[in-house]
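The values are calculated or read from the model by the stated rules, or taken from the named source; none is laboratory data. Values in this document were obtained by computation on a predicted structure and should not be read as measured data. When we count neighbours, we look across all protein chains shown, and the Cβ atoms used for this are built from the backbone with ideal geometry, even at glycine.
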């Protein structure tokens, strides 16, 4: 039997994710949840939903979260960590409020949350914290005393997140024809966000010129490119690029777009490109459509060989990283001296989001932060 690991003061882990439709009839209601309050007509949502309809109306994210839940539970059991794992979504079943209600009924009093977003940004961190605050307030309004919520730090530079991506890039390079392999360019891709959101991402001291969002992605890209060079002996040129822009055209977003980048690289004579979706934990719709469908079609039109490397998904090393992060945070909460595990130049991220971190356009309560209304 493995030695029992101590997660106290925590008595549960909550996997918090975005959610996605699981059939054609779910697509428009799901998009209504995502865009609530923006006044977008249903006909426009049907147009937006075409990406989902191409895949039978099913987003892969829920299935991938189920696989990650299985990986986490197996890793915890194999290593003697007695910590139940729950799952809740922001925009589709199982809904976050329902899951927190279940946790309260099960007697869970102190909960750690891990989100399926590795980096600092409003949409990748604070919005999840706002959703948590909304759900906690809803339970209190019902007369239910919810558990106390803490959130695991950003894990973008944890080796258990990085190593599967490094291996994914190596596998994609190996899959390219030999005559173009050594000259291949690495395009590290992440979700584009408005420049205003990027510039104010992370703690206030890191705001400006892309903020923590861009700096964290650049650090990950450098770490992967350096590891690829060390393991292959080839120094592949690389760039951070963006995808999945969804905002109004007059609002500036992070660029270059992946398709524009492929066209520019082809014009510059690059013989091949590996697209590495470092901004995504799993192969959800933005990866399947924007990279595997749209960007791959653009590359075919150009006659440019491309490969798309794997995301982390339910890799056992990622599950192990979550376990290590739980024990790290638990030890810190118990007052122990803990050496956080992080690679690169930025060091370990903060445990508690400070005041002014990734601010919203309009102030809203957010849980699990220094400015949280809930202890």
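Miscellaneous remarks
- Scanning region 96-121 for residues that are over 30 Å from residue 214 (Cα atoms) and assigned to a strand (DSSP E or B) yields a single hit, 110.
- Residue within region 351-362 that is touching a residue at least 60 places away in the same chain (Cβ under 8 Å), closer than 21 Å to residue 17 by Cβ, assigned by TED's automatic domain parsing to the domain that holds residue 260 and not in a loop (DSSP other than H, G, I, E, B) present: no
- Test for residue 285: is it under 20 Å from residue 176 (Cα atoms) and in the same structural domain as residue 190 (by TED's automatic domain parsing): no
- Residue 32 vs. criteria in a helix (DSSP H, G or I), free of Cβ contacts under 8 Å to residues at least 12 places away in the same chain and in the same structural domain as residue 115 (by TED's automatic domain parsing): no
- Qualifying helices (runs of 4 or more DSSP H) (wholly inside region 176-259; at least 3 residues being surrounded by 17 or more Cβ atoms within 10 Å (Cβ to Cβ) and touching a strand residue (DSSP E or B) at 6+ places or on another chain (Cβ under 7 Å)): 211-232
- Any hit, region 306-322, residues being without any contact (Cβ under 8 Å) to a residue 60 or more places away in the chain and farther than 30 Å from residue 4 by Cβ: yes
- In region 43-78, of all residues being part of a loop (DSSP other than H, G, I, E, B) and out of contact with any helix residue (DSSP H, G or I) (no Cβ under 6 Å at 6 or more places or on another chain), the one that is farthest from residue 21 (Cα to Cα) corresponds to 54.
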